[in-house]
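The block underneath contains the structure these notes are about, expressed in structure tokens.
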Amino acid sequence: MFRSYLNPSSVRSTCRFLSSLPTYETLKLSQPKSHVILVELNRPTKLNAMDKQLFDELKTCFEHLNTEKSCRAIVLTGTGKAFCAGIDLKYLSNTTVNELSQIDDVARKALHTRRMIQRTQASLRAVDKCEKPVIAAVHGHCIGAGVDLTACCDIRYSSRDASFSVKEVDMGLAADVGTLQIFPKQVIDHSLFRELVFTSRLFRTEEAQQIGLISRVFDTRDALLEAAVSLASVIARKSPVAVQGSKINLNYARDHTVDDNFSFVSTWNSGMLLTEDIIKNVMAASVSKDKSNKDASDGAEFEDI
Ligand SMILES: CCC/C=C/C=C/C(=O)SCCNC(=O)CCNC(=O)[C@H](O)C(C)(C)COP(=O)(O)OP(=O)(O)OC[C@H]1O[C@@H](n2cnc3c(N)ncnc32)[C@H](O)[C@@H]1OP(=O)(O)O
């Protein structure tokens, strides 16, 4: 299906790029447009539930894409009928019951668990820390760690059939890989968000939009993917210095005080304002003015980083 997005001019760079990509068992990668990478969680028979291998591969994949020059924007979705049904319950019980039963000392049990949690956090944080914008395209079930994963994405779109649950309270735990750590800095309706966290109840796109979890909803999955890929392509045509600098500054601002944010960006831009991309944008804008183009960066082509 995604091959239909390819246009002849991007085919050569697509092939060059794809041949250099590592392959994964639990992820599927493709390049639907120039500089856009589609990452699909790929355990469809388990509704893309996340086991150790998927967590590990997710981290490796996003760390790779972070420095991959041919990638400027990423769409993250799931194969099959769901985005993600959360942590793999077999993996969870293996790590929390079987492995711990072989350790006697309570402190050592705690440290073993802590390492497992931190490993899982590092996997999802690789998405958050990736300097290329990540657009989540959510369809079907999005449960537990699936919601955590969307919290690590920059933009979240869904299809109308999507349903969500912050399932962790029903599992007897506080969500620890994104939902409670990132969303409180982003959601609009904190009262509804807390209700959804405390009850674990399933909610649909209307409430997901109300709290600000989802920004746009599409009638079908095809329309969702087309919109997500097309948005990624718009972003990928912009100056990567500006886009990646914006993501770095947005994440920094989320995690620091206003004073810190102003200080950080002054230092950041003291170097970044020297980029040739500014000249290219100014020139493209003056040309586009003549031609009444809407998009100032239309026509400008930027070097990969
Ligand atoms: C330290 C780490 C911190 C992380 C914490 C994370 C916490 C969480 O993620 S809590 C949430 C855990 N997930 C769940 O509780 C969801 C479990 N799944 C379901 O309730 C149902 O599958 C669902 C309502 C999503 C869909 O139901 P449906 O009838 O449409 O499909 P099923 O026949 O149930 O599922 C199809 C096959 O997928 C397997 N599967 C689904 N979810 C999981 C999962 N989370 N882990 C492992 N496997 C899962 C399901 O067993 C079916 O497989 P099979 O039996 O082989 O056909």
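Show the residue pairs meeting these rules: Cβ distance below 8 Å; 6+ apart or different chains; first residue within region 89-114 and among the basic types (Lys, Arg); second residue at pLDDT 95 or above.
What qualifies is LYS90/ASP51; LYS109/LEU100; LYS109/ILE103.
Restricting to region 172-188, name every residue that is surrounded by 15 or more Cβ atoms within 10 Å (Cβ to Cβ) and not polar (S, T, N, Q).
Those that are surrounded by 15 or more Cβ atoms within 10 Å (Cβ to Cβ) and not polar (S, T, N, Q): ALA175, ASP176, VAL177, GLY178, LEU180, ILE182, PHE183, VAL187.
What number of residues within region 53-86 satisfy the criterion of being surrounded by fewer than 18 Cβ atoms within 10 Å (Cβ to Cβ), closer than 20 Å to CYS130 by Cα and within 16 Å of the ligand (Cβ to nearest atom)?
Looking only at that region, the number is 2.
Sort through VAL97, VAL106 and tell me the only one that's more than 8 Å from the ligand (Cβ to nearest atom), assigned by TED's automatic domain parsing to the domain that holds SER230, at pLDDT below 95 and over 22 Å from the mean Cα position of the chain (by Cα). Before you say what the answer is, go through the steps one by one.
Values: VAL106 fails: at pLDDT below 95.
Within the list VAL97, VAL106, the selection yields VAL97.
Can you tell me which residue among ALA137, ALA82, ALA126 is assigned to a loop (DSSP other than H, G, I, E, B), closer than 23 Å to VAL39 by Cα and modelled with pLDDT of 95 or more?
None of the others qualify; the one that does is ALA82.
Can you confirm whether LEU47 is at positive phi and either more than 13 Å from the ligand (Cβ to nearest atom) or not basic (Lys, Arg) (or both)?
Yes: the conditions hold for LEU47.
The values are calculated or read from the model by the stated rules, or taken from the named source; none is laboratory data. Note that the structure is predicted; figures quoted are calculated from it, not measured. Note that we place each Cβ from the backbone using ideal geometry, even for glycine, and neighbour counts take in every protein chain shown.
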